């Protein structure tokens, strides 16, 4: 953020901002939801955003999961309309009982983003549920490109590649650390 430090208020970065981190880092009384005007002052300098990844854990009460799903879509809509920038929807479901609404408000044939870090896809017990959820997402939303934060080294992603869906993988901060790479922070 050299341009910002120099005081250049008109700087533009041709990158997208994502929110694949613990909610408390962006969702508090000082965060993007409550201080959206402050968020706008920063986010307007970027090419676009991936909508915030508000938590929807399977053990959360259903109203809280619905509220966080709504906030993902509402923040993306607000940002796209206000800033006139591109918005990529983050798709998050609890893999069990949120399917009736977790795909709502997302256009078909668009670029989508998902995170596999907190999805339990690594655990064989949950993998088939994740794969079923992913197949349902593809069936309903028909994406041409899926951005994956975390690992896409699973057979379900290979099947999507065979169907012609482009899978773009971004290693998590933890994976980069263990691979000897540097963190973005």
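Just so you know, all these numbers are worked out from the coordinates, no wet-lab data involved. The shown structure was predicted, so the numbers you read here are calculated from the model rather than taken from an experiment. Every residue, glycine as well, gets a Cβ built from its backbone with ideal geometry; the counts of neighbours run over all protein chains shown.
Quick notes on this one:
- Residue-averaged 222 nm ellipticity for the chain, from DSSP H runs of 4+ at -39500 (n - 2.57), nearest 500: -11000 deg cm²/dmol
- Based on alpha carbons, the Rg and Dmax found for region 9-178 are 15.8, 50 Å.
- Angle of helix 124-141 to the longest C-alpha principal axis of the chain, folded into 0 to 90 degrees and rounded to 10: 70°.
- Normalised by 2.2 N^0.38 Å, with N the number of residues, the alpha-carbon radius of gyration of region 57-121 equals 1.15.
- Pairwise centroid distance, computed over Cα atoms, of region 11-57 with region 86-154, Å: 20 Å
- For region 81-151, the mean projected area of the C-alpha convex hull, equal to one quarter of the hull surface, is 5.2 nm².
- For 139, 16, 177, order by how many other beta-carbon atoms lie within 10 Å, fewest first: 139, 177, 16
- Sorting 15, 121 by the number of Cβ atoms found within 10 Å of their own Cβ, with the fewest placed first, yields 15, 121.
- Fewest-first ranking of 88, 50, 42, 140, using other Cβ atoms within 10 Å as the exposure measure: 42, 140, 88, 50
- Using alpha-carbon coordinates, inclination of helix 62-83 to the longest axis of the chain, degrees: 50 degrees
- A viscosity of 0.890 mPa s and a temperature of 25 °C, combined with the Kirkwood radius over Cα pairs in Stokes-Einstein, give a translational diffusion coefficient for region 41-91 of 213 µm²/s.
- Put a dot 7 Å past the Cα of residue 162, heading toward its Cβ, do the same for residue 124, and the two dots end up 2.1 nm apart.
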